[in-house]
Amino acid sequence: MEDRPWKMLNRKKVFDSRFVKVYEDTVELPNGNILEDYTVVEKPSIVVIVATDEKNNIFVLREYKHGAQKVLWTLPAGHKPEHESAVEAAQRELKEEVGATGGVFEELGVLHDYPSKDIHKTFVVRAKNVVLTDAPNHEETESIACEILSIGQLKEQVKKKEWHSSLALAALTFSGILFDK
């Protein structure tokens with residue numbers, strides 16, 4: 001395996017909407033071969049929040065996801081604009097989707113859910129000791145029900161394979177919450 005990155009020779013935008021951009025890249029591989037039609041997708045970067053209250057109960061969502069055309073268990077999440085830090089975006093999204101504020105927030109790291117073809121990043125933030133203070137303020141496209149589960153209930157759901165969102169599962173794993181005794 002070569003450790004060298006591919007050399008970008010050209011990038012052409014072939015589709016542009018507020019939800020996704022599609023590029024056709026011309027790249028040179030480490031072996032010198034040229035690919036003229038390597039497709040790459042760019043979606044807005046997001047933040048996913050693993051949030052617990054003062055009793056270490058976790059805030060989870062049941063949310064309709066149109067791409068999957070299903071209601072899925074997931075975590076509070078949303079777009080992370082360039083001008084916001086991951087923690088600022090997490091605080092804003094947690095208040096909007098759950099109505100929770102306060103607590104201690106820590107950025108745990110960045111995930112790439114489809115790094116071969118997708119440019120966007122997923123920032124994972126852990127929030128501890130948050131408190132329900134407001135009513136949620138959902139966007140028009142959001143159909144969300146918030147639930148508060150014990151960590152034991154969450155682990156049982158995961159064990160029974162009731163969770164199908166790869167980003168939520170990755171964030172839970174990244175946080176270590178599934179491995180706490």
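Tell me yes or no: at least one residue of region 129-146 is out of contact with any strand residue (DSSP E or B) (no Cβ under 9 Å at 6 or more places or on another chain), of a type outside the set (Ser, Thr, Tyr) and within 16 Å of Pro44 (Cα to Cα). For region 129-146, residues out of contact with any strand residue (DSSP E or B) (no Cβ under 9 Å at 6 or more places or on another chain), of a type outside the set (Ser, Thr, Tyr) and within 16 Å of Pro44 (Cα to Cα): absent. Report yes if Lys70 is exposed (fewer than 13 other Cβ atoms within 10 Å of the Cβ), basic (Lys, Arg) and modelled with pLDDT of 90 or more, otherwise no. Yes; evaluated as a whole, the condition is true for this residue.
For the structure I just gave you, tell me whether Ala51 is among the small types (Gly, Ala, Ser), exposed (fewer than 14 other Cβ atoms within 10 Å of the Cβ) and under 28 Å from Gln153 (Cβ atoms). When the stated conditions are applied, Ala51 does not pass them. Would you mind stating whether Glu84 is in contact with a Lys or Arg (Cβ under 8 Å, 6 or more places away or on another chain) and not in a strand (DSSP E or B)? Yes. Filtered by the rule that a residue be of a type in the set (Lys, Arg) and either closer than 23 Å to His66 by Cβ or within 20 Å of the chain's Cα centre (by Cα) (or both), region 1-47 gives Arg18, Lys21, Lys43.
The values are calculated or read from the model by the stated rules, or taken from the named source; none is laboratory data. Bear in mind the structure is a predicted one, so any value in this text is a computation, not a measurement. With ideal geometry, Cβ positions are generated from the backbone for all residues, glycine too; neighbour counts draw on all protein chains shown.
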